[in-house]
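The values are calculated or read from the model by the stated rules, or taken from the named source; none is laboratory data. Since the model is a prediction, treat every value here as computed from it, not as a measurement. Quick reminder, even Gly has a Cβ in these numbers, built from the backbone with ideal geometry, and neighbours come from all protein chains shown. The accessibility values were calculated without ligands, DNA or RNA, using every heavy atom of the protein model including side chains. Shrake-Rupley method; radii C 1.70, N 1.55, O 1.52, S 1.80 Å.
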Amino acid sequence: MTPPAPDLVTGLLLAVPLAGAAAAQLARTARGMLMSVVGGAVATCALAAAAVWLVWTGGPVQAAGGWFLLDPLATYHLAVMGLVLLMSSLFAVDYFDDEIRRGALGLPAVRLFAVLWSGSVAAMTLVLVSNSVGLMWVGLEATTLLTAFLICLHRDKGSLEATWKYILICSVGIALAFMGTILVAAAAPRGEFGGAGVLSWTRLVALGPALDPALVRLGFIFLLVGYGTKAGLAPMHTWLPDAHSQAPAPVSALFSGFMINTGLYCLMRYLAILAGTPASGAWARGLLVFLGLVSLVTAAAFILFQRSLKRLLAYSGVEHMGIIALGLGLGGLGTVGALWHVLNHSLAKTFAFCAAGRMGQLYGSHDMDRMKGTLRAAPVWGTGLWVSFLALLGVAPFALFMSEFTIFRGALQARAFWPAGIFLGAVAVVFVGASRHAIAMAFGSSPDRELDERAGVRARVLVWGAIAGLLGLGLWLPGPLARMLAEAARVLEGG
Amino acid sequence: MADALLVLIVLVNLSLLGGRRIAGCIGRVAVQGLAVSVCALVAERAPHPGRLLLLAALGVAVKGLLVPWLLRRAMKTAEVVEETRPPVGFTASTVIGLALLGVAFVVAGRLPAVDPGLPPLMLPVAFTTMLSGLLLVIVRKTALLQVIGYLMMENGIFMAGIALVSGIPWLVELGVLLDAATAVLVMSAVIGHISRVFDHVDMDRLRNLQG
């Protein structure tokens with residue numbers, strides 16, 4: 001069997017979510033709209049697998065005349081996106097079924113959700129497969145615009161405030177990132193442009209040492225602030241806790257599980273460009289270490305005093321983005337650990353937001369002081385919440401412990417003892433702050449009334465599958481995954 | 001010609017930083033958008049004049065017609081007329097704007113020389129427009145003035161693109177323009193919803209709907 005053509009795979013990757021959006025627009029029932037979301041997710045997973053296979057067998061390939069690129073970094077992220085999408089879409093069916101049954105959400109809102117959800121998947125895919133750093137930017141800004149109204153599906157005070165903060169802060173941030181894009185493109189020697197070439201990522205990587213160091217560095221500062229805003233790195237993270245806590249749970253799951261990763265992904269692309277000049281590369285990685293540590297410390301401080309479950313999970317997103325940025329900044333083993341952490345965090349965080357959302361529906365609140373005895377009251381989702389919490393706190397033997405440990409070893413290998421110490425300290429603070437809540441939520445005295453969990457087959461598959469994944473990846477790193485990580489890391493090192 | 005446009009753009013920056021009434025600010029940022037679009041025509045040396053004209057026409061349509069229309073509509077829905085008690089005063093903002101102009105000249109002067117065919121003022125004006133926009137977003141409370149700040153940033157970055165990079169693919173320029181138009185569309189829609197919910201809706205009843 002010959003591998004599928006790259007043009008076909010990238011074209012379908014972009015077209016399928018758009019077709020899903022069209023189907024949702026035309027569907028007459030809420031069930032039909034939600035099924036278009038699930039169908040789109042399944043198709044995206046299959047296409048992501050095809051893209052992985054394509055690169056696995058034939059190495060990096062360009063498509064559509066050099067506008068698109070499938071390389072190990074892109075396909076790895078496509079695979080992670082597919083996983084997050086599948087989990088959150090399956091959960092969305094159960095979640096919105098409940099909302100509709102309670103009359104909390106009307107048909108127009110469900111349609112809006114389904115259309116915007118599929119549209120934002122197309123935008124995120126555009127970010128991942130673009131070979132033009134300009135088109136990548138267009139995709140990221142489109143992601144922001146398409147997801148804005150997902151936060152305020154319920155048009156209430158809190159969610160509208162969160163939507164405004166999100167759209168303004170992220171749009172301004174991403175505008176700065178375009179300035180950075182222009183500055184990096186301007187760093188290329190003059191006189192050999194033409195066609196799509198000026199903003200081509202492969203061209204910029206190939207130019208490497210020929211890029212003007214002053215312009216590249218100025219550009220990277222803009223990019224770091226801009227894309228860092230989208231990634232939720234502190235101190236540009238201020239939109240994130242509001243948006244994640246106010247959005248409906250499936251949307252929070254997609255936001256925290258993958259959308260913020262697209263911001264980091266853009267930064268990874270530029271790290272590869274800067275890696276061409278050793279001095280600039282080391283300088284940029286130093287900045288990432290710094291921002292990563294700031295994010296870790298900020299998140300730890302806010303997690304200590306958090307009462308709302310979804311806000312706690314949102315700050316945990318800031319923490320884990322910080323850990324990934326730290327790993328990327330350390331380089332070497334740290335890069336591999338950071339990329340591995342991308343998968344583990346996305347899996348655990350999507351799972352956690354699904355569980356938190358279901359618990360919120362059952363208890364009618366996201367206040368952790370009122371959500372007690374979850375394990376007994378709701379055995380399936382309660383177990384899910386407990387396990388995802390432990391995994392996010394970095395408890396062994398779950399997968400996140402292994403990737404965090406890899407990043408820690410990377411820090412020691414790079415002789416970055418101070419960052420390693422701050423990393424350990426912040427993770428310890430988060431552990432102390434959050435485990436207190438986790439234990440009370442899981443084992444506290446059960447609520448007086450009976451909770452009707454109604455966990456169907458879909459919910460059970462989701463919960464036990466995610467637990468198996470988090471445990472399995474913690475105990476054993478499959479050979480193919482290790483190879484994917486190594487190849488993606490090589491892209492980042494500019495090779 | 002180009003220099004006159006650039007001076008106009010700087011003057012609009014300063015007047016927007018001192019602007020209190022929203023209707024006037026919407027008009028002025030539209031003028032700036034038009035000036036920037038025409039600037040692209042004057043400065044660009046692209047090999048495809050047809051595409052260039054098309055993009056400029058689209059820029060004029062978006063920045064001169066669509067955006068002001070959307071903003072005026074949002075202004076009417078929200079029933080706001082002016083910024084009252086801004087976090088940083090109007091005079092102070094204008095003075096900071098003048099300081100930013102100086103910063104922009106210093107930064108632009110330290111960068112490698114731009115294409116000699118372009119007006120040398122282009123890059124500093126681009127930087128100062130971007131910085132003034134960022135400033136406006138920070139020092140104003142009214143959502144509409146923050147959107148205007150965002151539009152100024154877009155204008156500045158668009159000019160920086162012309163000054164620094166020759167031949168940005170038209171597909172990317174088109175995407176950037178569409179994103180800016182959609183951003184204003186979404187922002188003005190959110191402003192409309194906010195004004196409706198915050199003014200006319202019982203908050204306690206709405207809080208029960210939260211998932």
With the structure loaded, tell me whether B:A163 is at pLDDT below 90 and among the small types (G, A, S) or whether it fails that test. yes
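For region A:417-495, which helices (runs of 4 or more DSSP H) that fit wholly inside it have 3 or more residues that are farther than 26 Å from A:S295 by Cβ and open to solvent by 80 Å² or more (accessible area, probe 1.4 Å)? Break it down stepwise before answering.
Numbers: elements: A:417-443, A:457-475, A:479-492.
Once the helices (runs of 4 or more DSSP H) in region A:417-495 are filtered for at least 3 residues that are farther than 26 Å from A:S295 by Cβ and open to solvent by 80 Å² or more (accessible area, probe 1.4 Å), what remains is A:457-475.
Name the helices (runs of 4 or more DSSP H) wholly inside region A:190-299 in which the number of residues that are open to solvent by less than 30 Å² (accessible area, probe 1.4 Å) and within 11 Å of another protein chain (Cβ to nearest Cβ) is 3 or more.
Values: elements: A:201-207, A:213-231, A:240-246, A:249-254, A:260-274.
Helices (runs of 4 or more DSSP H) meeting the threshold: A:213-231, A:249-254.
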Residues within region A:51-63 that are closer than 14 Å to A:L128 by Cβ, part of a helix (DSSP H, G or I) and either open to solvent by 20 Å² or more (accessible area, probe 1.4 Å) or in contact with a Phe, Trp or Tyr (Cβ under 6 Å, 6 or more places away or on another chain) (or both), tallied: 1
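Has region A:68-91 got any residue that is over 21 Å from A:F255 (Cα atoms), out of contact with any Cys (no Cβ under 9 Å at 6 or more places or on another chain) and in a helix (DSSP H, G or I)?
Taking region A:68-91 first, the residues over 21 Å from A:F255 (Cα atoms) are A:68-72.
Within this subset, residues satisfying the condition of being out of contact with any Cys (no Cβ under 9 Å at 6 or more places or on another chain) are A:68-72.
Okay, now just the ones that are also in a helix (DSSP H, G or I), so A:72.
Yes, that holds for at least one residue.
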Kindly list, by first and then second residue, each pair from a residue in region B:149-167 that is more than 8 Å from every other protein chain (Cβ to nearest Cβ) to a residue that is open to solvent by 10 Å² or more (accessible area, probe 1.4 Å) and acidic (D, E), limited to pairs with Cβ atoms under 9 Å and residues at least 6 apart or on different chains. B:F158/B:E173; B:I162/B:E44; B:A163/B:D115
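Condition first: assigned to a helix (DSSP H, G or I) and free of Cβ contacts under 8 Å to residues at least 60 places away in the same chain. Now tell me which residues in region A:140-167 satisfy that. Lay out the reasoning, then the answer.
From region A:140-167, those assigned to a helix (DSSP H, G or I) are A:140-151, A:157-167; that's our starting set.
Result: A:E141, A:A142, A:L145, A:L146, A:A148, A:F149, A:K157, A:L160, A:W164, A:I167.
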Could we say that A:G65 is away from chain B (no Cβ under 14 Å) and either touching a His at 6+ places or on another chain (Cβ under 9 Å) or at positive phi (or both) here? no
Residue among A:R458, A:R415 that alone is among the basic types (K, R) and either without any contact (Cβ under 8 Å) to a residue 60 or more places away in the chain or in contact with a Pro (Cβ under 9 Å, 6 or more places away or on another chain) (or both): A:R415
Of everything in region B:100-115, what is part of a helix (DSSP H, G or I) and without any contact (Cβ under 8 Å) to a residue 24 or more places away in the chain? Give them in sequence order. B:G102, B:F105, B:V106, B:V107, B:A108, B:G109, B:R110
Can you confirm whether A:R269 is free of Cβ contacts under 8 Å to residues at least 12 places away in the same chain and not acidic (D, E)? no
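Is there a residue being touching a residue at least 40 places away in the same chain (Cβ under 8 Å), closer than 30 Å to A:G410 by Cβ, of a type in the set (A, V, I, L, M) and away from chain B (no Cβ under 14 Å) anywhere in region A:362-381? So that I can check it myself, show each step before the final result.
Taking region A:362-381 and keeping what is touching a residue at least 40 places away in the same chain (Cβ under 8 Å), we get A:362-363, A:366-369, A:371-381.
Going one step further and asking which of them are closer than 30 Å to A:G410 by Cβ, we end up with none.
Scanning region A:362-381, I find no residue that is touching a residue at least 40 places away in the same chain (Cβ under 8 Å), closer than 30 Å to A:G410 by Cβ, of a type in the set (A, V, I, L, M) and away from chain B (no Cβ under 14 Å), so the answer is no.
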Residue that is polar (S, T, N, Q) and crowded, with 23+ Cβ neighbours inside 10 Å, where the choices are A:T350, A:T406, A:T383: A:T350
Between A:G444, A:G384, which is touching a Gly at 6+ places or on another chain (Cβ under 8 Å), under 20 Å from A:A352 (Cβ atoms) and either modelled with pLDDT of 95 or more or of a type outside the set (F, W, Y) (or both)? A:G444
Scan (1) open to solvent by 20 Å² or more (accessible area, probe 1.4 Å); (2) in a helix (DSSP H, G or I) for the single condition A:R370 breaks and write down its number. (2)
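For residues that are at pLDDT below 90 and open to solvent by less than 20 Å² (accessible area, probe 1.4 Å), scanning just region B:79-109, find the one that is nearest to the chain's Cα centre (by Cα). Outline the logic, then answer.
To start, the set of residues in region B:79-109 that are at pLDDT below 90 comprises B:79-89, B:107-109.
Remaining after also requiring open to solvent by less than 20 Å² (accessible area, probe 1.4 Å): B:83, B:108.
Numbers: B:E83: 18, B:A108: 20 Å.
Among those that are at pLDDT below 90 and open to solvent by less than 20 Å² (accessible area, probe 1.4 Å), it is B:E83.
The rows are residues; the columns are (1) farther than 29 Å from A:L473 by Cβ; (2) crowded, with 24+ Cβ neighbours inside 10 Å; (3) touching a residue at least 24 places away in the same chain (Cβ under 8 Å).
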site: A:A22; (1), (2), (3): yes, no, no
site: A:G39; (1), (2), (3): no, no, no
site: A:A49; (1), (2), (3): no, no, yes
site: A:G66; (1), (2), (3): yes, no, yes
site: A:L70; (1), (2), (3): no, yes, yes
site: A:L78; (1), (2), (3): no, yes, yes
site: A:A92; (1), (2), (3): no, yes, yes
site: A:R101; (1), (2), (3): yes, no, no
site: A:V110; (1), (2), (3): yes, yes, yes
Close pairs (7 angstrom Cβ cut-off, 6 or more residues apart or separate chains): under 19 Å from A:G360 (Cα atoms) in region A:235-249, small (G, A, S) and surrounded by fewer than 24 Cβ atoms within 10 Å (Cβ to Cβ) anywhere: A:D242/A:A162; A:A243/A:A162; A:S245/A:S308; A:Q246/A:G158; A:Q246/A:A162; A:A249/A:G360
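Is it the case, given these coordinates, that B:L118 is in a loop (DSSP other than H, G, I, E, B), more than 8 Å from chain A (Cβ to nearest Cβ) and touching a residue at least 60 places away in the same chain (Cβ under 8 Å)? Can you show your working first?
Details: in a loop (DSSP other than H, G, I, E, B): yes; more than 8 Å from chain A (Cβ to nearest Cβ): yes; touching a residue at least 60 places away in the same chain (Cβ under 8 Å): yes.
Against the criterion (in a loop (DSSP other than H, G, I, E, B), more than 8 Å from chain A (Cβ to nearest Cβ) and touching a residue at least 60 places away in the same chain (Cβ under 8 Å)), B:L118 qualifies.
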Which count do you get for residues in region B:53-78 that are over 18 Å from the mean Cα position of the chain (by Cα) and over 30 Å from B:V172 (Cβ atoms)? 3
Within region A:113-151, residues among the hydroxyl-bearing types (S, T, Y) and either out of contact with any strand residue (DSSP E or B) (no Cβ under 8 Å at 6 or more places or on another chain) or open to solvent by 10 Å² or more (accessible area, probe 1.4 Å) (or both) come out as A:S118, A:S120, A:T125, A:T143, A:T144, A:T147
Restricting attention to region A:126-139, and to residues there that are more than 9 Å from chain B (Cβ to nearest Cβ) and outside any helix (DSSP H, G or I), which single residue is farthest from A:T10 (Cα to Cα)? A:N131
